[in-house]
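Colleague: Next up is a structure, given as structure tokens.
The values are calculated or read from the model by the stated rules, or taken from the named source; none is laboratory data. Model, not experiment: these values are computed from the prediction. FYI the Cβ positions are ideal-geometry reconstructions off the backbone, even for glycines, and counts take in every protein chain you see.
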Amino acid sequence: MKNKSLRVLLAVLILTVCMQNAHALDIGVSFAAYNTPDGKPYVEVNIEIAAVSILYKKVDGEKLQAGAEILIMIKNGGEVVAFEKYNLQSPLVDMQQSLIDVKRIPVPQGDYELEVAIQDLNAPENKDSYRSPVSVHFTDKLYLTEAQLLRSFKRDEAESPFSKNGYYMEPLPFSFYDRNIKRLAFYAEIYHSNKTIQDADYLLRYFIEQDNGNGVKNLISTGSQRKKPTDIDALLVQMDISKLESGNYILTVEARNAANELLASRVLSFQRSNPLLQFDESNITDELLAQQFTQKLDEKELKYTLAALSPIVVGDDAEILNNVNRDKDLKNKRYFIFRHFVQQDPNNPEGAYKKYMALANGVHEKFKSGFRYGFETDRGRAYLRFGAPDDLVHIEDEPGASPYEIWIYYNFPVTNQTNVKFLFYNPSLAGDDYITLHSTARGEIQDPKWERKLYNRNLTEYTDGDNYNDATGVKANLGRHAREYFTDF
């Protein structure tokens, strides 16, 4: 009994700890000191509360809502110089989302401590805080503000707490870019450049370095903008980070004069998560797969997608695809589909999937027959594998010939050939299901007797004398153009 009671007590303790940690508030804070055109300094504070860390409750039926009490204080020693205290409520939503807010707090110039305390309104014991020194000092010389990372920005003249200088700017207080974000954006302001530089433009240079630790940095990307001296100006930049691997990075912004002398600089750190950039099949875990777009595909959609992939999957993967098609396990089907598209675009496999399926759907509609999907026909397969032909000849009523099409590719990178042709024909005259008769592409069907088969309604009009077995072509006749199209195009 004593051991049983101990086990029960331990279970209760573990459950209590898990319940407490299930909603451990996780906040991100970024800030920068700015100056208004009429010389009134203020501190802009950006706040984000992670969606998974705050408690959402059902409101109005099935809708969800969360809220937080926020206290922002700017202190000088023990004295509170300025503060904001308010409640932040999320909109009514179907799924949990992060809470984001921005406050601009006027303060005199000086050195301060910024303190942010946040408490979950639905779970008062769930709280977090942040502290950091903040310097507010502006002079008559060129001044570069701290750079603030953005999740995104867009031109928008509407009034909003997130709007500035005609742009809506969504902050990124956690300084963390996940694999779905392709571009890094940041904002900074420059004051009094005209009082430091009079006669020439100045340069704003920005660059990203990978922080390898122990002071070792690797330059990744650079950019610059040339500016004319003015009393106040802004820098709004986005940089491509789609190829940045997971790790720690440093963004540096510099102001330099015409002699390349450094006038001011700002440095900030950020993290990048891009686990699928360097594709490794071992990275596809059950947990990762459960979070992917393939999880939303039902059995019918999975089978259709696999059928659409069959024309372009070659080699060992073609045999794997056959096995997956025979397998009733939907997990294996989802794995194969995700594995294929993450190889196409590690940063956005779902985007690659949507793009390809839009093409496959179009091919199905264009070449569908009564017996199979359009992309399973010979023309559909060719279209998916090699793309649209550069030129096309479609003939339905040539004397003695079955209906046929000739596709011409002027450049054929698959085999590094030029002027490649495919001949499809419909010998059964049933529906619109053309089959491949002959091609000049290496590795594709090549039939030296293609003319005889195409003009199979005139079996006696063959070339090469009277030797029927060796004859490859047919006699020239009025209205017969297949050979002409094949040689002259």
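Colleague: Being free of Cβ contacts under 8 Å to residues at least 24 places away in the same chain, in the same structural domain as Leu288 (by TED's automatic domain parsing) and either over 23 Å from Ile445 (Cα atoms) or surrounded by 14 or more Cβ atoms within 10 Å (Cβ to Cβ) (or both) is the requirement here; does Val342 meet it?
Modeller: Working: free of Cβ contacts under 8 Å to residues at least 24 places away in the same chain: no; in the same structural domain as Leu288 (by TED's automatic domain parsing): yes; either over 23 Å from Ile445 (Cα atoms) or surrounded by 14 or more Cβ atoms within 10 Å (Cβ to Cβ) (or both): yes.
For Val342, the condition - free of Cβ contacts under 8 Å to residues at least 24 places away in the same chain, in the same structural domain as Leu288 (by TED's automatic domain parsing) and either over 23 Å from Ile445 (Cα atoms) or surrounded by 14 or more Cβ atoms within 10 Å (Cβ to Cβ) (or both) - is not met.
Colleague: What number of residues in the range 307-336 are within 18 Å of Arg381 (Cα to Cα), part of a helix (DSSP H, G or I) and out of contact with any Leu (no Cβ under 7 Å at 6 or more places or on another chain)?
Modeller: Residues that pass the stated criteria total 6.
Colleague: Now for a different question. All but one of (1) in contact with a Ser or Thr (Cβ under 7 Å, 6 or more places away or on another chain); (2) over 16 Å from Arg205 (Cβ atoms) hold for Glu245; which doesn't?
Modeller: (1)
Colleague: For the range 225-240, name all the residues that are farther than 22 Å from Tyr34 by Cα and either surrounded by 13 or more Cβ atoms within 10 Å (Cβ to Cβ) or over 22 Å from the mean Cα position of the chain (by Cα) (or both).
Modeller: Just the residues of the range 225-240 that are farther than 22 Å from Tyr34 by Cα, to begin with: 239-240.
The answer is Met239, and nothing else.
Colleague: Could you run through the range 42-72 and say how many residues are in contact with a Pro (Cβ under 6 Å, 6 or more places away or on another chain) and either exposed (fewer than 15 other Cβ atoms within 10 Å of the Cβ) or over 19 Å from Val116 (Cα atoms) (or both)?
Modeller: Total meeting the criteria: 0.
Colleague: Tell me which residues, restricted to the range 129-141, are in a strand (DSSP E or B) and either more than 32 Å from the chain's Cα centre (by Cα) or among the polar types (S, T, N, Q) (or both).
Modeller: Let us first name the residues in the range 129-141 that are in a strand (DSSP E or B), namely 129-136.
Of everything in the range 129-141, those that are in a strand (DSSP E or B) and either more than 32 Å from the chain's Cα centre (by Cα) or among the polar types (S, T, N, Q) (or both) turn out to be Ser129, Arg131, Ser132, Pro133, Val134, Ser135, Val136.
Colleague: In the range 253-272, which residues are in a loop (DSSP other than H, G, I, E, B) and crowded, with 16+ Cβ neighbours inside 10 Å?
Modeller: Asn257 - this is the single residue of the range 253-272 that is in a loop (DSSP other than H, G, I, E, B) and crowded, with 16+ Cβ neighbours inside 10 Å.
Colleague: Right, something else. Could you please find all residues in the range 66-103 being among the β-branched types (Val, Ile, Thr), within 19 Å of Leu121 (Cβ to Cβ) and within 27 Å of the chain's Cα centre (by Cα)? Reasoning before the result, please.
Modeller: Narrowing the range 66-103 to residues among the β-branched types (Val, Ile, Thr): 70, 72, 74, 80-81, 93, 100, 102.
Of the ones still in play, those that are also within 19 Å of Leu121 (Cβ to Cβ) are 70, 72, 93, 100.
Val93, Ile100, listed by residue number.
Colleague: Criterion first (among the acidic types (Asp, Glu), modelled with pLDDT of 85 or more, out of contact with any Cys (no Cβ under 9 Å at 6 or more places or on another chain) and not in a helix (DSSP H, G or I)) does Glu444 satisfy it? Walk me through it before giving the result.
Modeller: Numbers: among the acidic types (Asp, Glu): yes; modelled with pLDDT of 85 or more: yes; out of contact with any Cys (no Cβ under 9 Å at 6 or more places or on another chain): yes; not in a helix (DSSP H, G or I): yes.
Yes.
Colleague: Also, I was wondering about something else. Taking the condition of being part of a loop (DSSP other than H, G, I, E, B) and of a type in the set (S, T, N, Q), how many residues in the range 337-354 meet it? Outline the logic, then answer.
Modeller: Taking the range 337-354 and keeping what is part of a loop (DSSP other than H, G, I, E, B), we get 345-348.
Remaining after also requiring of a type in the set (S, T, N, Q): 347-348.
So the count comes out to 2.
Colleague: Within the range 188-198, identify whether any single residue is within 30 Å of Lys40 (Cβ to Cβ), among the basic types (Lys, Arg), in the same structural domain as Pro173 (by TED's automatic domain parsing) and over 22 Å from the mean Cα position of the chain (by Cα), and answer yes or no.
Modeller: yes
Colleague: Any residue in the range 387-398 that is modelled with pLDDT of 90 or more sitting within a Cβ distance under 8 Å of a residue that is acidic (Asp, Glu) and surrounded by 12 or more Cβ atoms within 10 Å (Cβ to Cβ)? List the pairs, counting only those 6 or more apart or interchain.
Modeller: From the range 387-398, the pairs are Leu392/Glu405; Val393/Glu405; His394/Glu405; Ile395/Glu405.
Colleague: State yes or no: is Val12 farther than 30 Å from Ile232 by Cβ, assigned to a helix (DSSP H, G or I) and modelled with pLDDT of 50 or more?
Modeller: Details: farther than 30 Å from Ile232 by Cβ: yes; assigned to a helix (DSSP H, G or I): yes; modelled with pLDDT of 50 or more: no.
No, not satisfied.
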